[in-house]
Amino acid sequence: MRALTERIYEVGVQDWDRRLFDELIPLPDGTSYNAYLIKGSEKTALLDTVDPSKTELLVDHLVRAGADSIDYIISHHAEQDHSGSIPDMLLMYPDAKVVTNPKCKAMLIDHLQLEDDRFIEVQDGQELSLGDKTLQFIYTPWVHWPETMCTWVKEDRILFSCDFFGSHQACSNLYVDNEALVLEAAKRYYGEIMMPFRTSIRGNLKKLEGLDIATIAPSHGPVYNRPSMILDAYRDWIAEDKVKNHVIVAYVSMHDSTQRMTEYFVDALMERGVGVKQYNLTVADIGELVIDLVDAATVVIGSPTVLVGAHPSALYCAALVNVLRPKTKHLGIIGSFGWGSKMVDQITGMLTNVKAEIFEPVLSKGMAGEQAYSELDALADKIAQKHNALGLM
Ligand code: FEO
């Protein structure tokens, strides 16, 4: 339990040991489920709860914060890492009401089987007084579910943003103490769950422009006491024209041919002044690849042929790129085959969500030789030209 300001406490939990979210997203630094207790002069509110596996620690923190009674449980988002302890909170505080928007209410009833009469519905912009502190609810849909919202406390100029602006990071410091580290964690988080919703984020950022925000308190990672740091980063990440002179080469190789092609190609790009990072898909941290996807101008997938098609690891990468819909401007495919391959059709067929120019693929029959290397040089030339044309070099 830590105090943000007078009578506003962070009562959530650090999950130091968690290494995977949604059984998909790597968490190299664990995560936190931040929840906030606001004691107004007349009423007390709990903003979000924690993952159900950590309810005991939340209860402990509430006891330490002297939360003898809670009038309102504000639910910004129905996903269980923030809502999962609500049923226990409703048992612990039998007079408490869950305050949320109608969409979130319906989802909480679906996911947690809560009773209808335990809710108070609030509309976009509506205020709820705690006495000397006022909660204003701001709908911010699609960060990253349709029901997401934030709470603004004007007296303390704090925006409680839930997942929006969050970072998966367990840490002992309440506030950001290393901006570079937090920005990387926040970029990873943005790339993994927010990136496909850039259009909605743009609208939500605009909506927040009128607020004189002193502090952003998200539900994952440390609190921002210099909000411009994360607001500016989000503005960059969502800007469709802000891509970097950077190529992601994500590959898998079985018998060395695709490996040789990848290494040759990465060198060729470097020689032309193009930024590049090589990811072996069998061992890569997918989160690092996703950080790069946020603003890389070009993505190239390398695959051998297995069972007449692309390697499953390459297909997984294509599926990931497709679902995350990065602002990548160009896509390439390189690889090899023994006697025939449907790899290119399979990979391009999985990239339909990405609005990018797809270059002519470079495929080698058998071990890569002069012909393949010459085509890879031509592909590297083309990428350098394209990056130049975008003003990136
Ligand atoms: Fe942190 Fe979407 O839950």
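The values are calculated or read from the model by the stated rules, or taken from the named source; none is laboratory data. Keep in mind the model is a prediction, meaning the values are calculated, not measured. Neighbour counts run over all protein chains shown; Cβ positions are idealised from the backbone, glycine included. These accessible areas exclude ligands, DNA and RNA; they are computed on the full protein's heavy atoms, side chains included. Shrake-Rupley method; radii C 1.70, N 1.55, O 1.52, S 1.80 Å.
Cβ-Cβ distances below 7 Å connect the following pairs, each with a first residue in the stretch 348-374 that is under 19 Å from residue 316 (Cβ atoms), a second residue that is part of a loop (DSSP other than H, G, I, E, B) and hydroxyl-bearing (Ser, Thr, Tyr), and a separation of six or more residues or different chains: 354/328; 356/328.
Taking each residue of the stretch 301-318 that is hydroxyl-bearing (Ser, Thr, Tyr) and looking for partners that are part of a helix (DSSP H, G or I) and crowded, with 20+ Cβ neighbours inside 10 Å with beta-carbon atoms closer than 6 Å, six or more apart or interchain, yields 303/314; 303/343; 305/343. With respect to (1) more than 28 Å from residue 388 (Cα to Cα); (2) at pLDDT below 95, the lone exception for residue 252 is condition (2).
Counting only residues that are more than 20 Å from residue 86 (Cα to Cα), in contact (Cβ under 8 Å) with a residue 40 or more places away in the chain, more than 16 Å from the ligand (Cβ to nearest atom) and open to solvent by less than 30 Å² (accessible area, probe 1.4 Å), the stretch 132-158 holds 5 of them. Here 378, 372 are screened, and the one residue that is in a helix (DSSP H, G or I), open to solvent by less than 60 Å² (accessible area, probe 1.4 Å) and closer than 26 Å to residue 326 by Cβ is 378. Looking across the stretch 50-88, just one residue is under 22 Å from residue 124 (Cβ atoms), open to solvent by 10 Å² or more (accessible area, probe 1.4 Å) and not charged (D, E, K, R), and that is 72. Do we have residue 309 as touching a Lys or Arg at 6+ places or on another chain (Cβ under 9 Å) and in the same structural domain as residue 266 (by TED's automatic domain parsing) here? Criteria met by residue 309. Residue count for the stretch 9-38 under the criterion of being part of a strand (DSSP E or B) and either within 13 Å of the ligand (Cβ to nearest atom) or modelled with pLDDT of 95 or more (or both): the result is 13. Scanning the stretch 172-199 for residues that are open to solvent by 20 Å² or more (accessible area, probe 1.4 Å), in contact (Cβ under 8 Å) with a residue 60 or more places away in the chain and more than 25 Å from residue 45 (Cβ to Cβ) yields a count of 8.
Just one of the listed residues (249, 283, 276) is among the aliphatic types (A, V, I, L, M), free of Cβ contacts under 8 Å to residues at least 40 places away in the same chain and part of a strand (DSSP E or B), and it is 276. Are any of the residues in the stretch 258-279 among the β-branched types (Val, Ile, Thr) and farther than 17 Å from residue 381 by Cα? Yes, the conditions are met somewhere in the stretch 258-279. All conditions in (1) surrounded by fewer than 19 Cβ atoms within 10 Å (Cβ to Cβ); (2) in contact (Cβ under 8 Å) with a residue 24 or more places away in the chain hold for residue 218, with the sole exception of (1). The single condition from (1) under 15 Å from the mean Cα position of the chain (by Cα); (2) within 16 Å of the ligand (Cβ to nearest atom) that residue 199 fails is (2).
Within the stretch 91-130, how many residues turn out to be of a type outside the set (A, V, I, L, M) and in contact with a strand residue (DSSP E or B) (Cβ under 6 Å, 6 or more places away or on another chain)? Lay out the reasoning, then the answer.
Filtering the stretch 91-130 down to residues of a type outside the set (A, V, I, L, M) leaves 93-95, 97, 100-105, 110-111, 113, 115-119, 121, 123-127, 129.
Now narrow it down to the ones that are in contact with a strand residue (DSSP E or B) (Cβ under 6 Å, 6 or more places away or on another chain): 97, 101-102, 105, 118-119, 124, 126-127.
Number of matching residues: 9.
Does residue 104 satisfy the criteria of being buried (at least 23 other Cβ atoms within 10 Å of the Cβ), in a strand (DSSP E or B), on the phi < 0 side of the Ramachandran plot and within 16 Å of the ligand (Cβ to nearest atom)? Spelling it out, it is not the case that residue 104 is buried (at least 23 other Cβ atoms within 10 Å of the Cβ), in a strand (DSSP E or B), on the phi < 0 side of the Ramachandran plot and within 16 Å of the ligand (Cβ to nearest atom).
Need at least 3 residues that are more than 14 Å from the ligand (Cβ to nearest atom) per element, so show me which helices (runs of 4 or more DSSP H) inside the stretch 45-92 make the cut, counting only ones lying wholly within it.
Numbers: elements: 55-64, 80-83, 86-92.
Those helices (runs of 4 or more DSSP H) span 55-64, 86-92.
Here residue 391 fulfils each of the conditions (1) under 32 Å from the mean Cα position of the chain (by Cα); (2) assigned to a strand (DSSP E or B) apart from (2).
Could we say that residue 366 is at positive phi, surrounded by fewer than 24 Cβ atoms within 10 Å (Cβ to Cβ) and more than 30 Å from the chain's Cα centre (by Cα) here? Steps first, answer last, please.
Working: at positive phi: yes; surrounded by fewer than 24 Cβ atoms within 10 Å (Cβ to Cβ): yes; more than 30 Å from the chain's Cα centre (by Cα): yes.
In short, yes.
Counting only residues that are in a helix (DSSP H, G or I) and either touching a Pro at 6+ places or on another chain (Cβ under 8 Å) or within 16 Å of the ligand (Cβ to nearest atom) (or both), how many does the stretch 159-183 have? Write out each step before concluding.
Applying the first criterion (in a helix (DSSP H, G or I)) to the stretch 159-183 yields 179-183.
Okay, now just the ones that are also either touching a Pro at 6+ places or on another chain (Cβ under 8 Å) or within 16 Å of the ligand (Cβ to nearest atom) (or both), so 182.
The total comes to 1.
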